[in-house]
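See structure below.
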Amino acid sequence: MTPLKRKLLLEYASDLSGPLAAKVLSIIIDKGEATDEEISAKLKIDNPSEVRKILIKLHEADILTYRRERDENIGWYTYYWRLKDENIINVLTRRIKAVIKVLERKMEYEQNNSFYVCVQCLRRFTIEEAYDLDFSCPECGAILFEDNNEEIINILSNMINKIKTKIKEITK
């Protein structure tokens, strides 16, 4: 796994279930396969159920898979968790494409609207809202001034292009 894929995958795990999820996933990536008890011991967590919850969330997100073995002496199952290799690229790509869609919608909104801003409290309004407010801020009463949103549009455009470049790197 490339360092970029690993980093994105760990960030995704963290977003799904918190920073502990990234640590759990990191152990699985490093070991190849691990039980919840092994992970709990490595992370010095007394209660493996916390780790199990994370493992289940990562499984539901299509990142992990497992195999189970039954202990013939006590009848309990031991679950061995591992990365679901064939879906990693798809999971990361889906997440990144969702971010791109959000950014593209925001950029389109910025491109298709004029905005006014209160220079005192920095609240921002569409032209329709500003017109309804008689170009006066409802918070502080200051006059609203036209806001040049070209910088916002440029930032969004650059972000979208950088993210699309990352998708190409991941899918190589």
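The values are calculated or read from the model by the stated rules, or taken from the named source; none is laboratory data. All of these numbers come straight from a predicted model, not from anything done at the bench. Quick reminder, even Gly has a Cβ in these numbers, built from the backbone with ideal geometry, and neighbours come from all protein chains shown.
Assorted remarks:
- Restricting attention to region 25-41, the residues being under 12 Å from VAL51 (Cα atoms) and of a type in the set (S, T, N, Q) number 2.
- When region 109-134 is limited to residues that are touching a helix residue (DSSP H, G or I) at 6+ places or on another chain (Cβ under 6 Å) and either free of Cβ contacts under 8 Å to residues at least 24 places away in the same chain or hydroxyl-bearing (Ser, Thr, Tyr) (or both), the one that is surrounded by the most Cβ atoms within 10 Å (Cβ to Cβ) turns out to be TYR116.
- Here TYR80 clears all of (1) surrounded by 10 or more Cβ atoms within 10 Å (Cβ to Cβ); (2) over 21 Å from ASP15 (Cα atoms); (3) at pLDDT below 90 except the condition numbered (3).
- Restricted to region 1-53, and to residues there that are part of a loop (DSSP other than H, G, I, E, B) and not aliphatic (A, V, I, L, M), the residue that is surrounded by the most Cβ atoms within 10 Å (Cβ to Cβ) is THR35.
- Residue in region 163-170 that is surrounded by 13 or more Cβ atoms within 10 Å (Cβ to Cβ), closer than 30 Å to ARG52 by Cα and of a type outside the set (D, E, K, R) present: yes
- Options ASN73, ASN154, ASN158: the member that is at pLDDT below 95 and polar (S, T, N, Q): ASN73
- Residues satisfying the stated conditions in region 54-73, i.e. closer than 19 Å to LEU10 by Cα and in a loop (DSSP other than H, G, I, E, B): ALA61, ASP62, ILE63
- Selection status of ASP62, at pLDDT below 90 and surrounded by fewer than 13 Cβ atoms within 10 Å (Cβ to Cβ): no
- Any hit, region 143-153, residues being of a type in the set (Phe, Trp, Tyr) and in contact (Cβ under 8 Å) with a residue 40 or more places away in the chain: no
- Among the residues listed as LYS101, LYS106, the single one being in contact (Cβ under 8 Å) with a residue 24 or more places away in the chain and under 27 Å from the mean Cα position of the chain (by Cα): LYS106
- SER17 being within 30 Å of LYS168 (Cβ to Cβ), outside the structural domain of THR165 (by TED's automatic domain parsing) and not acidic (Asp, Glu): yes
- Strands (runs of 3 or more DSSP E) within region 93-172 that include 1 or more residues in contact with an Asp or Glu (Cβ under 7 Å, 6 or more places away or on another chain): 115-118, 124-126
- Pairing each residue of region 35-54 that is over 21 Å from GLU69 (Cα atoms) with any residue that is of a type in the set (Lys, Arg), provided the two are 6+ apart or on different chains, yields C-beta distances under 7 Å for LEU43/LYS23.
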